[in-house]
Amino acid sequence: MIELNNLNLKNIAEKLLDTFLEGGRIAKEISHRGVKITIKTDKSPVTDGDIAVDQLLRNKIASLTPNIPIISEET
């Protein structure tokens, strides 16, 4: 299990930087082509961009910290 001290948190954050930039590129690309909106079961809207970026972030975070559960607005 990963111990979450300041050094480990810093390393995890640094490893996520490229993923955050990629998420921004995905969101921008989807925004330019036009988003598709669906309604979640709680009656709130979600776009295909929200879902794509959420998936990217969850996958990367899970690969870096597999023993820590992820809570996400989109899932």
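Okay, here's what the table says:
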| read-out | value |
| --- | --- |
| Cβ pairs under 9 Å, 6+ apart, first in segment 23-46 and without any contact (Cβ under 8 Å) to a residue 60 or more places away in the chain and closer than 20 Å to Arg58 by Cβ, second charged (D, E, K, R) and loosely packed, with under 10 Cβ neighbours inside 10 Å | Ser44/Glu73; Val46/Glu73 |
| Residues located in segment 20-75, provided they are assigned to a loop (DSSP other than H, G, I, E, B), open to solvent by 60 Å² or more (accessible area, probe 1.4 Å) and closer than 30 Å to Asn5 by Cα | Pro66, Asn67, Ile68, Pro69, Ile70, Ile71, Glu73, Thr75 |
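The values are calculated or read from the model by the stated rules, or taken from the named source; none is laboratory data. Everything numeric here is computed off the predicted structure, so don't read it as measured data. Please note: Cβ atoms are built from the backbone with ideal geometry, for glycine as well, and neighbour counts cover all protein chains shown. Accessible surface is based on the protein model in full, side chains and every heavy atom, while ligands, DNA and RNA are left aside. Shrake-Rupley method; radii C 1.70, N 1.55, O 1.52, S 1.80 Å.
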